[in-house]
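Worksheet for the structure shown next.
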Ligand code: GDP
Ligand code: MG
């Protein structure tokens, strides 16, 4: 039923190339291989908005996912910082600079949304690339403790932990909603 239908705006942010669009395409239900290889995807403007309804803990939740961060002017990024009910801050476990960028974004977000307790998950993507790893699981976890947010490692390529990540963000929003 439409009663109790809840819609959350989730914004994906992070350095270029960390896999934000790949995660978004898994969310949207496109097999990752298609995203990577198919002309339909390759030629397309990667910045996009997706909507999907999921059942999490027996309750329905609609997520509007904004993958609008890359290659945008600073005013669009500023808007992204204001627009989300929740954030996925993504880095690549194979790219230390992207991990450092994630910290910067966390600080920027805190500054922009000072008085709000916004749900955030720090996401270490590309966990399948074992031999290229530059950031350990322990470092990712420690960073999330410092930044007072949740942490998960994902792989868009092998679709590991991607649905867990989206379920996690829904739970985080609900926890805050329920405590109000
Ligand atoms: P974005 O700039 O953050 O949107 O990153 P993209 O989604 O465009 O991905 C950048 C590159 O990383 C592409 O070549 C993807 O195929 C690749 N990629 C994304 N996620 C993964 C992953 O989990 N594992 C691996 N091995 N490659 C990935
Ligand atoms: Mg992208």
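Here region 69-104 is the region considered, the condition is being under 20 Å from residue 116 (Cβ atoms) and within 16 Å of ligand 1 (Cβ to nearest atom), and the residue that is nearest to the chain's Cα centre (by Cα) is 88.
Looking only at residues of region 4-21 that are outside any loop (DSSP other than H, G, I, E, B) and within 8 Å of ligand 2 (Cβ to nearest atom), we find that the one that is farthest from residue 123 (Cα to Cα) is 21. Among the residues of this structure, residue 44 does not count as one that is modelled with pLDDT of 80 or more and either more than 18 Å from residue 84 (Cα to Cα) or surrounded by 12 or more Cβ atoms within 10 Å (Cβ to Cβ) (or both).
Look at residue 117 and say whether it is under 21 Å from residue 50 (Cβ atoms) and either touching a helix residue (DSSP H, G or I) at 6+ places or on another chain (Cβ under 8 Å) or surrounded by fewer than 15 Cβ atoms within 10 Å (Cβ to Cβ) (or both). Against the criterion (under 21 Å from residue 50 (Cβ atoms) and either touching a helix residue (DSSP H, G or I) at 6+ places or on another chain (Cβ under 8 Å) or surrounded by fewer than 15 Cβ atoms within 10 Å (Cβ to Cβ) (or both)), residue 117 does not qualify.
Exactly one residue out of 65, 23 is surrounded by 11 or more Cβ atoms within 10 Å (Cβ to Cβ), within 9 Å of ligand 1 (Cβ to nearest atom) and at pLDDT 90 or above: that is 23. Of the numbered criteria (1) within 13 Å of ligand 1 (Cβ to nearest atom); (2) surrounded by fewer than 21 Cβ atoms within 10 Å (Cβ to Cβ); (3) modelled with pLDDT under 95, the one residue 132 fails is (3).
Scanning region 105-129 for residues that are in contact with a strand residue (DSSP E or B) (Cβ under 7 Å, 6 or more places away or on another chain), outside any helix (DSSP H, G or I) and either within 16 Å of ligand 1 (Cβ to nearest atom) or free of Cβ contacts under 8 Å to residues at least 24 places away in the same chain (or both) gives 121, 122, 123, 124, 125, 126, 127, 128. Residue 158 meets all of the listed conditions (1) more than 18 Å from the chain's Cα centre (by Cα); (2) touching a residue at least 12 places away in the same chain (Cβ under 8 Å); (3) outside any helix (DSSP H, G or I) but one, namely (1).
The C-beta contact set for region 68-82 (first residue on the phi > 0 side of the Ramachandran plot and free of Cβ contacts under 8 Å to residues at least 12 places away in the same chain, second residue assigned to a helix (DSSP H, G or I) and within 16 Å of ligand 2 (Cβ to nearest atom), distance under 9 angstrom, 6+ apart or interchain) is empty.
Considering (1) closer than 20 Å to residue 120 by Cβ; (2) modelled with pLDDT of 85 or more; (3) not in a strand (DSSP E or B), say which one residue 50 fails and leave the rest. So residue 50 meets the others, but not (3). Here residue 180 meets each of (1) modelled with pLDDT under 95; (2) closer than 26 Å to residue 55 by Cα; (3) assigned to a helix (DSSP H, G or I) with one exception, condition (3).
Here is the figure for region 68-87: residues that are at pLDDT 90 or above and farther than 24 Å from residue 168 by Cα total 0.
The values are calculated or read from the model by the stated rules, or taken from the named source; none is laboratory data. For clarity, every value in this text was computed on a predicted model and none was experimentally measured. Positions of Cβ are generated from backbone atoms using ideal geometry, with glycine treated the same way; all protein chains shown enter the neighbour counts.
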